[in-house]
Amino acid sequence: MYRLPPERDVSLYNSESLKITILMSQRFATDILIIGGGAAGLAAALHLADFYRVTLLSKGSMESGSSNWAQGGIAAVTDPIDSLECHESDTINAGSGLCHLNTVKTVVESAPLVIEQLGQWGVDFDLRGNEYHLTKEGGHSNRRILHVADATGKAIIEALYDIQTKISQLSYKVDQHLYNSSSSKIVTKVEFIK
């Protein structure tokens with residue numbers, strides 16, 4: 001159980017330019033606490049909710065985070081004329097020597113499975129005929145960017161946020177009793193319950 005004394009301020013980040021303080025006046029029990037309600041936090045919660053009681057904290061409403069505003073797409077090898085090796089090479093070249101090679105390999109190899117999972121969760125990537133509508137952006141040498149119009153992040157957040165209606169064993173409750181005391185903004189707490 002994660003407990004703080006009632007009415008105790010907890011600084012999550014403290015600097016001269018930014019201070020986020022949450023007034024914790026309640027206690028809650030959870031197996032896993034995820035900080036961040038963007039695409040990564042929501043996806044992690046959905047993956048873990050089958051096995052654990054998961055609580056997710058977000059700095060505001062689920063739609064207010066950066067993931068919701070992401071306009072670009074997701075790079076993944078989904079076209080037979082493309083290859084994982086080419087995607088890895090493009091990423092390493094674009095990274096100007098700053099990339100960790102094992103991380104690039106892992107992310108590139110995982111990307112097609114992530115696209116498949118997002119599709120199963122209800123993200124409807126743009127199609128041209130029966131194939132993904134792929135674009136070529138940035139340092140990519142092939143068309144491998146999947147998108148949902150010009151609002152890919154919003155489509156992903158909406159699909160992840162709405163998934164509880166599609167997975168019968170998953171429900172969630174939103175508890176808005178946590179506040180950022182410096183700005184009086186709500187910190188959203190979402191519990192994923194099996």
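All of the numbers you see were taken from the coordinates with simple rules; none came from a lab. From a predicted model like this one, the values you see are computed outputs, not experimental measurements. Please note: Cβ atoms are built from the backbone with ideal geometry, for glycine as well, and neighbour counts cover all protein chains shown.
Where does the charge balance sit around Y132 when Lys and Arg score +1, Asp and Glu -1, over other residues with C-beta under 15 Å from its C-beta? Charge balance near Y132 sits at -3.
Approximating the spin labels as points 7 Å out from Cα along Cα→Cβ, the F51-to-D126 distance works out to 3.7 nm. Placing pseudo-labels 7 Å out from each Cα toward the beta carbon at L33 and L84 gives an inter-label distance of 3.7 nm.
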